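Here's the structure we're looking at; comments come further down.
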Ligand SMILES: [Zn+2]
């Protein structure tokens, strides 16, 4: 495919690379969970736990899958990210930044430099008050470790009754220090989503971006729709409009079209972002 080699050429020639991994790359929680016996045997739907409490248990299993390295879906995606990181590094493209609208955390386990990565749609590793008492975010590792500890005990000692386990799980829920209600993970679309979770990385991304002006920059917008256009889609278009040495590579199965004003600086591809990445790293 001629346009693919043109993209590779543009990346090769660039001084700076901006990667935008869109929602297409986000792994669905239910896809991971349905492959986990630990989850399916639980039959959470039969318990009296609230939706928020159930969500914490699902996230704890997800967290376990991310850390164990044993979940095939996660490992496949992680390996794809690693291949992209290797591809950039093989061409000495060390001046890069990665923006993602995924909130599955998989990319944070890849070999991309964490100082050059921002995920404005959230992470399961931070939580905040679900009712919005404050904007402060807390780390969640201990919560997941406690929940997984309870689940592991339950599976180990089959005689433990489920009622007792459910009570223990309820006690393990993180509580807001102010309103004493169960908190929630800081993931976009949750109640009272807090921007504090990614503010610092966003600021370093913005200062990095300022230094790209009038430099040979290539931007890859991969599989991003219109759920959160202010994160990748619109800012990339804006950069393409002001930087005459920029190239925007837009890869999308449904919305690959480019507006007229930046047409000359863009390469639109009507294909899946994942398939595109698999091609370029070959
Ligand atoms: Zn609160």
Projected area of the stretch 178-236, taken from the Cα convex hull and averaged over every viewing direction, in nm²? 5.7 nm²
Antiparallel DSSP bridges in the chain: what percent, to the nearest 5? 20 percent
Which value in nm describes the separation of the simple spin-label points at residue 153 and residue 6, placed 7 Å from the Cα toward the beta carbon? 6.2 nm
Express the C-alpha Rg of the stretch 104-179 as a ratio against the empirical globular expectation 2.2 N^0.38 Å, rounded to two decimals. 1.42
Relative contact order (percent, whole number), the stretch 92-244, Cα cutoff 8 Å, 6+ residue spacing: 27 percent
At residue 241 and residue 162, where each label point lies 7 Å from the Cα along Cα→Cβ, what is the point-to-point distance in nanometres? 5.6 nm
Candidates 128, 189, 245; GNM for the chain (alpha-carbon contacts under 10 Å) flags as most fluctuating 189
At q = 0.08, 0.12 Å⁻¹, what is the base-10 log of I(q)/I(0) for the chain according to the Debye formula with one equal point scatterer per Cα and no solvent? Please give it to two decimals. -0.39, -0.79
Whole number please: convex hull volume per residue, Cα atoms of the stretch 147-222, in Å³. 184 Å³
What distance in nm lies between label points placed 7 Å from Cα along the C-beta direction at residue 170 and residue 204? 4.3 nm
Under the rule of -39500 (n - 2.57) per DSSP H run of 4 or more residues, summed and divided by the residues of the chain, what mean residue ellipticity at 222 nm is obtained, to the nearest 500 deg cm²/dmol? -12500 deg cm²/dmol
Please build a GNM for the chain, connecting alpha carbons under 10 Å apart, and tell me which residue among 69, 223, 122 fluctuates the most. 69
Return one number: the angle in degrees, 0 to 90 and rounded to the nearest 10, between the long axis of the Cα atoms of helix 51-68 and the longest principal axis of the Cα atoms of the chain. 60 degrees
Mind running the shape call on the stretch 47-196? Use the C-alpha gyration tensor, a ≥ b ≥ c as the square roots of the eigenvalues: rounded below 1.5 for a/c, prolate if a/b tops b/c, oblate otherwise. oblate
Would you look at the GNM of the chain, springs on alpha carbons closer than 10 Å, and say which of 21, 103, 226 moves the most? 226
Residues of the stretch 1-42 with amide N under 19 Å of the 7 Å Cα→Cβ point at residue 254: 21-31
Quick one: compute the contact order of the chain, relative version, from alpha carbon pairs under 8 angstrom and 6+ residues apart, as a percent. 24 percent
For residue 136 and residue 216 in the same chain, what is the full-extension length gain: residue separation times 0.36 nm, less their Cα-Cα distance, in nm? 25.0 nm
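Under 10 °C and 1.306 mPa s, how fast does the stretch 195-282 diffuse according to Stokes-Einstein, given a Kirkwood radius computed over C-alpha pairs? Answer in µm²/s, whole number.
Rounded, D is 114 µm²/s.
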Angle, helix 72-90 long axis vs. longest principal axis of the chain, Cα atoms, 0 to 90°, nearest 10? 30 degrees
Mean separation of Cα contacts under 8 Å (at least 6 apart) over the residue count of the stretch 1-115, i.e. the relative contact order in percent, is 45 percent
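Neighbour counts of other C-beta atoms within 10 Å: give me 204, 79 arranged from fewest to most. Mind dumping the intermediate values first?
Working: 204 14, 79 10.
Fewest to most other Cβ atoms nearby, the residues stand as 79, 204.
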Roughly what angle does helix 141-156 make with the longest principal axis of the chain, taking Cα atoms, 0 to 90 degrees, to the nearest 10? 50 degrees
In whole Å, what is the distance between the alpha-carbon centres of the stretch 227-282 and the stretch 103-176? 34 Å
Could you check what % of the DSSP bridge pairs in the stretch 140-282 are antiparallel, to the nearest 5? 10 percent
From fewest to most C-beta neighbours within 10 Å, the residues 46, 58 line up as 46, 58
Exposure-ranked with fewest Cβ neighbours within 10 Å first, 98, 182 stand as 182, 98
Can you pull a Stokes-Einstein diffusion coefficient for the stretch 1-66 at 20 °C (1.002 mPa s), Rh from Kirkwood over Cα pairs, as a whole number of µm²/s? 139 µm²/s
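Values in this text are rule-based calculations from the coordinates and carry no lab data. Predicted model, so just to flag it, every value in this text is computed and none were measured. Methodologically, a virtual Cβ is constructed for each residue, glycine included, from the backbone with ideal geometry; neighbour enumeration extends over all protein chains shown.
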